[in-house]
Every structure is written in C-alpha cells, then in structure tokens.
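The values are calculated or read from the model by the stated rules, or taken from the named source; none is laboratory data. Not measured: the values here are computed from a predicted model. A quick note on method: Cβ atoms are made from the backbone with ideal geometry, for glycine too, and the neighbour counts reach across all protein chains shown. Only protein heavy atoms, including side chains, enter the accessible area calculation; ligands, DNA and RNA are left aside. Shrake-Rupley method; radii C 1.70, N 1.55, O 1.52, S 1.80 Å.
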Amino acid sequence: MIRPCPFTAKSPRRWPKSWLPTFLLGIVAASRLGIAQTPLAIEDQVRLHQLQWIGTHNSYHIAPHPRLEKWIALAGKSILEGIQYTHRPLQEQLSKLQIRQLELDVYADPKGGLFSKPIGAAMAGASSDAPDLDPNADGAMDQPGFKILHAPGFDYLTRVATLSDAFEQIREWSDRSPGHLPVLVMIELKESSPASAGVSLVPFDRQLLQQLDALIHASFPRQQLLLPIDLKPEGVETIRDAVLQQGWPTLAQARGKLIFALDNEGSWVDRYLDAQEDDRQKATLFVSVEPTHPMAAWMKRNDPVGQFEEIQSLVRRNFMVRTRADADTRQARSGDTSRRDSAWASGAQWISTDFPEPDPRWPDYWVAWPDRQVARWNPLHPPAHRSPIRWEPKIEWSGASKDATETLGR
C-alpha cells in the first residue's frame, strides 16, 4: 500500500510539533546576529576555516622617532628599515581597516617600571621638545603587569603600553560591534632582546604563564572567548581529531568572539601547556604545533612562497594557518606584490601585514580585500552556492582617536 506524503495538500496529516521550537529558535538566533532570518541561513553554515581575513603584524607598533634612527642604524641599515612602519590604534584597525587578526609582543614586568626609562630615550635626548620619545608620559609603564613593545632599548614606541589596556580596548570594540567576525589575538612572549635592552628582562615562569591566562579570563566573559576545548565535541578524543573530522566552528557559533593564540613555538609550547592546572586541552591559548599534535588546530607558516604547498595541505585538512604577506618593509619599498598574492592563493586564513593601507612613502603597496571587505571565501574551500553573504551587520563606530594618522608614514 502506498501511503500519501504527510506534507502534501491532500494529506490530512500535519508537520510534527517538534519542528516549531527549532524553527523559532533559528529565527531568534539569526535576528540577534543581524543576519538573514532563516533557520539555515548561509552565514550559519559557513565554518571559520572556509574564510580568509587580513591581520596586522606587531599591531601596536610605532616606527622609531627620528632622533632614534641614527642610533638604530649603527646596527645596520636593514635593521632600521625593517621597523619603519606604524600602525593605527587597535580600535581603528578593527573598525576602519576591517582587521581581524592582531599581534601583541608581551614582556613581563611584575614590579612595574622596568621599561619606563629606555636607554634609547636617554641617548636620543628625550626632553620637553620631544615628548613622544618618552614611553611613560602617562605613567602606564610604571604599573606592574605585562607590557607591550617591540624591543626595550630603542624600538619601544607603542600604541598601547599595557596588555590589560589592550584587552580593554579590544573588549570595548567587540562589545560595540555585535555580530562581528571572530578576531584572532596572537601573543608573543618575550624574555630576551636582539640588542642592548639596558634592563634585565624577566623570564616567563609557570606562575607568569598562569597569570597571562587569568588576565584573559578576567578581561573577557567566557561567552566572548573561543577556546581550544570549544572545538572538541563530546566523544571526540582530541582537538586535532575534531578539526580533521568537522573543521572549525560555524560562523554563527563564532560571531562576536575572540580567539587567543601563542605566537611562540618550539619549547615555548610545552612550557605553556605544562603550566595548565589539569587538562592541556583546556588551555586558553591555541598553540602552533605540528599537525600530528593532539592540540593541532591553528599554526604559523610565515613564508607563503617557500611554504606554499605545505600551507595548502594544512588548509585542505581544515587547519587554520596564519602567514605573512610582507616582512621588514621590503615589499612595500619595492612595490612587489608576489608574496602577498602567494599568501592569498595559499588558502591561509589569516594573512598578516605591516601595511593594511598604503603608506605615503610607498603608495603602491598595501594588503586589503577589494572594497575593504572584512573577509572573503577561502580559495581552497569554495562555496557550494553563489549567494552573496553579509559577513557582518553594519557597525557604526565612533571610537576613533584624534591622533589616528599622526605618525603613519614615520
């Protein structure tokens, strides 16, 4: 006997009651995210590894003051040229330039004041006629806690002095930008300097590593964080297994969240993971490891030319990769876009640059998607459809600082 289809007009039967709550929840969730109000909207289904974003390298960095340049040049012309770039404040990068990956270099300063009087400032003659040579004009460097700068002796100028202030700025932007795509915040821990620092740097011991995790959790509510353990559903043994089986979370699951990652590799990874109180997989930071590691989910491959095939292999297996479109200002000075183009084609999800907008000195080079889009489809994970996607709700942001571009091009 052939039974009539339960959902045709001729059938007296109705949809099962269980579909209604799910349907309504889908509408409510989509509404809150600012996306198309359908239970299976395209945006809901996109997984993070299927996208690409632009990020910034040393996102806090301000180029050395002209009075410092002659001293830095003594170490080599290329050394000076490699650090002659300046980024906008963090919130402006996120709002105006659509940056979705930041990188912060962090030093430990548990007593405070370690970086208040850099040797470079003294040699360059910091005085009232050159107040921007002083990294501690507002007293922030005197506070105990983690500090953000590139090199303590001479390349010390920074958009934000303390890690806690940087987190506050990021959280404020995130709170005012509901439905934004997730932001990767890379943290590079530093306890040595390539040049004379003029101070004794503090090593990161177990206690300091735990304090770093504690600061992240104190600065952001749990629902605002995407942690490694969030990738692993119940019944899957490791985070790596989860990534290989289903990839990263969907866009709907990750909107409005921050992802934190340890920029350091090698022995640093074990030092950080050994500092976890119980389960390594419950760490706060993603770690860059080999694809066979149980924690493998995200990794750095900074050379998109020499590591092009390796990056593509990782991306095809659902891993997330960060690479660099340029380094040491070389590409900007020459206008050579070949490395940038390789980074785009590699499929690396986060592509970092020192030039997210043209520099007045070298206006022919920058790294951004057309029309300053916040993201694009990953070329290694093309969509099964061609429907346009509204990546983020329209965000009106008025938090720009007055000195946004004062030092750009220095």
Exercise. Inspect all residues belonging to region 339-358 and state whether any of them is within 26 Å of Gly82 (Cβ to Cβ), in contact with a strand residue (DSSP E or B) (Cβ under 8 Å, 6 or more places away or on another chain), surrounded by 13 or more Cβ atoms within 10 Å (Cβ to Cβ) and modelled with pLDDT under 95.
Key: no
Quiz item: So is Ala124 over 27 Å from the mean Cα position of the chain (by Cα) and open to solvent by less than 30 Å² (accessible area, probe 1.4 Å) or not?
Solution: yes
Quiz item: From the residues in region 33-73 that are β-branched (Val, Ile, Thr) and modelled with pLDDT under 95, which one is surrounded by the fewest Cβ atoms within 10 Å (Cβ to Cβ)?
Solution: Thr38
Quiz prompt | Scope region 130-144; condition open to solvent by 50 Å² or more (accessible area, probe 1.4 Å) and modelled with pLDDT of 95 or more; matching residues | solution = Asp142, Gln143, Pro144
Self-check item: Thr292, sole failed condition from (1) among the hydroxyl-bearing types (Ser, Thr, Tyr); (2) open to solvent by 40 Å² or more (accessible area, probe 1.4 Å); (3) in contact (Cβ under 8 Å) with a residue 40 or more places away in the chain; (4) touching a Phe, Trp or Tyr at 6+ places or on another chain (Cβ under 9 Å)
Solution: (4)
Quiz prompt | Single unsatisfied condition, Lys111 versus (1) more than 17 Å from Leu68 (Cα to Cα); (2) outside any loop (DSSP other than H, G, I, E, B) | solution = (2)
Practice problem: Would you mind stating whether Ser95 is open to solvent by 20 Å² or more (accessible area, probe 1.4 Å) and touching a Phe, Trp or Tyr at 6+ places or on another chain (Cβ under 9 Å)? | Solution: yes
Practice problem: Check Trp366 against each of (1) under 25 Å from Lys257 (Cβ atoms); (2) at pLDDT 95 or above and name the one condition it does not meet. | Solution: (1)
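Is it true that some residue in region 269-287 is open to solvent by 50 Å² or more (accessible area, probe 1.4 Å), modelled with pLDDT of 95 or more, out of contact with any Pro (no Cβ under 7 Å at 6 or more places or on another chain) and assigned to a loop (DSSP other than H, G, I, E, B)?
So far as region 269-287 goes, no, none of its residues is open to solvent by 50 Å² or more (accessible area, probe 1.4 Å), modelled with pLDDT of 95 or more, out of contact with any Pro (no Cβ under 7 Å at 6 or more places or on another chain) and assigned to a loop (DSSP other than H, G, I, E, B).
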Self-check item: Residue list for region 197-228, filter: open to solvent by 40 Å² or more (accessible area, probe 1.4 Å), among the small types (Gly, Ala, Ser) and at pLDDT 95 or above
Solution: Ala214, Ala218
Exercise. Scan region 234-290 residue by residue and report those that are within 22 Å of Gln207 (Cβ to Cβ), within 17 Å of the chain's Cα centre (by Cα) and among the hydrophobic types (A, V, I, L, M, F, W, C).
Key: Phe260, Ala261, Leu262, Leu285, Phe286, Val287
Exercise. Please give the number of the condition Tyr156 fails out of (1) assigned to a helix (DSSP H, G or I); (2) over 18 Å from the mean Cα position of the chain (by Cα); (3) not acidic (Asp, Glu).
Key: (1)
Self-check item: Cβ pairs under 6 Å, 6+ apart, first in region 308-328 and touching a residue at least 24 places away in the same chain (Cβ under 8 Å), second open to solvent by 20 Å² or more (accessible area, probe 1.4 Å) and assigned to a strand (DSSP E or B)
Solution: Arg322/Lys300
Exercise. State which residue is most open to solvent (accessible area, probe 1.4 Å) when the search covers only region 369-405 and only residues that are polar (S, T, N, Q) and at pLDDT below 85.
Key: Ser398
Exercise. State which residue is nearest to Arg271 (Cα to Cα) when the search covers only region 301-318 and only residues that are of a type outside the set (S, T, N, Q) and open to solvent by less than 30 Å² (accessible area, probe 1.4 Å).
Key: Arg301
Exercise. For region 176-206, name all the residues that are closer than 29 Å to Gly153 by Cβ, in contact (Cβ under 8 Å) with a residue 24 or more places away in the chain and either in a loop (DSSP other than H, G, I, E, B) or polar (S, T, N, Q) (or both).
Key: Glu191, Ser193, Pro194, Ala195, Ser196, Ala197, Gly198, Val199, Leu201, Val202, Pro203, Phe204
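Counting only residues that are in a helix (DSSP H, G or I) and polar (S, T, N, Q), which one in region 74-92 is surrounded by the fewest Cβ atoms within 10 Å (Cβ to Cβ)? Explain how you work it out, then say what you get.
As a first pass, look at region 74-92 and keep what is in a helix (DSSP H, G or I): 77-82, 90-92.
In the following step, the residues that additionally are polar (S, T, N, Q) were identified as 78, 91.
Numbers: Ser78: 11, Gln91: 21.
Among those that are in a helix (DSSP H, G or I) and polar (S, T, N, Q), it is Ser78.
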Practice problem: Taking the options Lys147, Lys190, Lys117, Lys111, name whichever one is open to solvent by less than 10 Å² (accessible area, probe 1.4 Å), farther than 30 Å from Gln45 by Cβ and basic (Lys, Arg). | Solution: Lys147
